[in-house]
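Some notes on the structure that comes next.
The values are calculated or read from the model by the stated rules, or taken from the named source; none is laboratory data. Every value quoted in this text rests on a predicted model; they were computed, and no experiment measured them. In this analysis, Cβ positions are derived from the backbone assuming ideal geometry, glycine residues included, and neighbour counts consider all displayed protein chains.
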């Protein structure tokens, strides 16, 4: 749906470089040799992921699972007044498991294009980082659940008008429970977070976000899902307002490529629901990931 114009080739270059590097490293035969120093990294990744459920990462809700992949998302939001906002990259990026129970995410800043009938504005969003620590987990054969804590960081590196102009720290608690086997079943993944700014809460506000994804797994690669993303703003410009965005999507994965690498593709339709306030009316989200 979202075809990239030539003029956007430069903004996407960092992501393509990271993706190429990750795919090459995972497919390199030397990495799989037990005597090689790099192979201990992947042995740790395999051990860590075997100790948790094998669900797929939802389109919007951040999974409590630990992943090793490169992820690239695109979103397109339709706002009032015939305004659209397209995000190339979605703030995703490189996800790594450096040690057991720990994941780090180095975000790739999204490149934003906002259009209305009169003007078009382009620029980079802020840089983001995320660290996960997994407290509890069991795979499908031993309980099928997980509990994880996140700590996110957003730095004001973006262009006006797409930067927040403040450093924001986002603590999050996440959990999930599944029923069924690795081949088929259902699961629920949920997060609760608060975005805390370095500025006065009265100026920036404090959004509290509760996201929940319900997934089903009917075949080897098919994952239909529905997600609810609820935001309540405390203080700031949106003080007292609430927003509920529903996402209806499907994900295909994990499709074998070469060596360790697997491809994951997803698409979802988003709609504002049940609340009188919303920052946008409807939208689309697409996701492409290479796990390794």
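Exactly one residue among 218, 238 is in contact (Cβ under 8 Å) with a residue 12 or more places away in the chain and surrounded by fewer than 15 Cβ atoms within 10 Å (Cβ to Cβ), and that residue is 218.
What about residue 210, is it in a strand (DSSP E or B), under 25 Å from residue 80 (Cα atoms) and modelled with pLDDT of 95 or more? Give the derivation first.
On the way: in a strand (DSSP E or B): yes; under 25 Å from residue 80 (Cα atoms): yes; modelled with pLDDT of 95 or more: yes.
Yes.
The set of residues from the stretch 241-268 being surrounded by fewer than 16 Cβ atoms within 10 Å (Cβ to Cβ) and either over 25 Å from residue 179 (Cα atoms) or modelled with pLDDT under 95 (or both) comprises 242, 257, 258. When 140, 103 are checked against the criterion of being under 16 Å from residue 175 (Cα atoms), out of contact with any helix residue (DSSP H, G or I) (no Cβ under 6 Å at 6 or more places or on another chain), modelled with pLDDT of 95 or more and not in a strand (DSSP E or B), 140 stands alone in meeting it.
Summed over the stretch 159-183, residues that are over 20 Å from the mean Cα position of the chain (by Cα), surrounded by 13 or more Cβ atoms within 10 Å (Cβ to Cβ), touching a residue at least 40 places away in the same chain (Cβ under 8 Å) and part of a loop (DSSP other than H, G, I, E, B) total 1. Residue 109 meets the stated requirement of being free of Cβ contacts under 8 Å to residues at least 60 places away in the same chain and not in a strand (DSSP E or B).
Taking (1) within 21 Å of residue 145 (Cα to Cα); (2) over 17 Å from the mean Cα position of the chain (by Cα) in turn, residue 210 satisfies each apart from (2). Flag: residue 220 does not match the condition of being in a strand (DSSP E or B) and out of contact with any helix residue (DSSP H, G or I) (no Cβ under 6 Å at 6 or more places or on another chain).
Please find, among 128, 121, the residue that is over 14 Å from the mean Cα position of the chain (by Cα), at pLDDT 95 or above and more than 15 Å from residue 48 (Cα to Cα). Before you say what the answer is, go through the steps one by one.
Numbers: 128 fails: over 14 Å from the mean Cα position of the chain (by Cα).
From the options 128, 121, the qualifying one is 121.
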